[in-house]
Amino acid sequence: MGAPGRKTPTREQLDVWREFVETTQSLQSELGGRLQTRSSVSQADYSVLLALSEAPDHRYRSSALADHIGWERSRVSHHLGRMERRGLVSRAACADDSRGSEIVLTTQGAETFRRCSAPHLRDVRELFIDALSADQLAAVADATAALKAHLALTSD
């Protein structure tokens, strides 16, 4: 049983939930597989490269990067180590904190991101955008905004 005053989800609600989870997992898997096959870049790599490409001066403190992409700090640390060994990112001394460092998008990382973005965005169009009418896409945007707002309230 749930908390007092709460009902357990109905069968129909659980069906919607399950379809949502399974479909988003399938979509992420297909997009990730295509990205990896075509560009040798994982979805995790792409998330980091995207965040750094949009950051001021193409740099982030690792803790801020973790917050930005929604990962735990340990996951970011391990993944950045692998990306650093591949030359996609580097570490630089933090200008405002002598004890800290920043993660910086390298020239190779920026080129990798540019090279993989166009095919990835075509795949996003093919697998997601083209599957939905304008009204359905607007409904997904509304639902996503509602979920994001609800999560923000429940995580405070």
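General observations
- Restricting the range 50-79 to residues that are more than 13 Å from LEU105 (Cα to Cα) and of a type in the set (A, V, I, L, M), the residue that is surrounded by the most Cβ atoms within 10 Å (Cβ to Cβ): VAL76
- Residue count for the range 11-51, restricted to those that are free of Cβ contacts under 8 Å to residues at least 60 places away in the same chain, in a helix (DSSP H, G or I) and more than 12 Å from the chain's Cα centre (by Cα): 20.
- Here the condition is being in contact (Cβ under 8 Å) with a residue 60 or more places away in the chain and polar (S, T, N, Q); of THR106, THR154, THR144, THR112, it holds for THR112 alone.
- Among (1) closer than 17 Å to SER40 by Cα; (2) surrounded by fewer than 12 Cβ atoms within 10 Å (Cβ to Cβ) - the single one ARG82 does not satisfy: (2)
- Scanning the range 99-122 for residues being polar (S, T, N, Q) and under 15 Å from GLN36 (Cβ atoms) gives a total of 2.
- Some residue of the range 27-49 being under 18 Å from ILE103 (Cα atoms), surrounded by 10 or more Cβ atoms within 10 Å (Cβ to Cβ) and touching a strand residue (DSSP E or B) at 6+ places or on another chain (Cβ under 9 Å): yes
- Given (1) farther than 24 Å from THR37 by Cβ; (2) at pLDDT 95 or above, number of the condition SER62 does not satisfy: (2)
- Segments classed as helices (runs of 4 or more DSSP H), wholly inside the range 52-156, with at least 1 members that are over 26 Å from GLU30 (Cα atoms) and of a type outside the set (Ser, Thr, Tyr): 62-69, 73-85, 134-154
The values are calculated or read from the model by the stated rules, or taken from the named source; none is laboratory data. Everything numeric in this text was worked out from a predicted model, so none of it was measured. Cβ coordinates were reconstructed from backbone atoms using ideal geometry, including for glycine residues, and neighbour counts include every protein chain displayed.
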